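The values are calculated or read from the model by the stated rules, or taken from the named source; none is laboratory data. These numbers were taken from a predicted model, which means no experiment stands behind them. Positions of Cβ are generated from backbone atoms using ideal geometry, with glycine treated the same way; all protein chains shown enter the neighbour counts. Protein only, heavy atoms only, side chains kept; ligands, DNA and RNA dropped before computing areas. Shrake-Rupley method; radii C 1.70, N 1.55, O 1.52, S 1.80 Å.
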Amino acid sequence: MDPSSLLYTTEETIEEVNVIEESPLSKWEREHQEMLLARAQKSDDMHRALLDKAREDIAAIYADREKAIKAKQAQNDEAEKQFLQSQETLFTHGTVWEQVASMVDFSGSSQMLSRKKLAAAAAAAEKEKSNTTSTSATSPSATAIPEMEKEDTTRMRSVLISLKAEGAQKD
């Protein structure tokens, strides 16, 4: 064979030379490389699948959370409407002691009145007082509400319970 003819060989001849010259070590390296590429592809596919599932799960969690928030908001709105309606009915038809007793927690689990309930009771008392006599001076008890929050209210609670009972006996 002419050495110049080797420069112009076809691809078939080059492949034949590569196949013939492939040693067992180079064959193993090629197969190992193919195996590693297959494993990497499989791992990437599994990783993408896990990420997609995680995104779907997160979207489902947020959708459930939004649904629960909207349901709770609707429930709170309904409870507030009922509470306001009962308060309006009570304040138009009830006695002063019934009005005050409705703002006090008589459950026994809590012996202190909350600041909100104290403020509402003071406002109701001021409203009742302003209806009977027109005075522009504020009551000292209305300004002392925040300090009263941590005081023991068991005596006041028992007085309100007895007054509530007396109001029920009169009816």
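With R₀ fixed at 30 Å, the C-beta to C-beta distance from Thr154 to Glu88 puts the FRET efficiency at about 0.50. If R0 equals 41 Å, the separation of the Cβ atoms of Asp57 and Ala79 corresponds to a calculated FRET efficiency of about 0.80. Extending each Cα 7 Å along its Cβ direction at Lys127 and Lys72, get the distance between those two points in nm, one decimal. The modelled label-to-label distance comes out at 3.0 nm. Among the GluC sites (Glu not before Pro) in the stretch 18-51, those located in a DSSP loop and surrounded by at most 14 other Cβ atoms within 10 Å of their own Cβ are Glu22. Thr89 exposes around 70 Å² of accessible area when a 1.4 Å probe is run over every protein chain in place.
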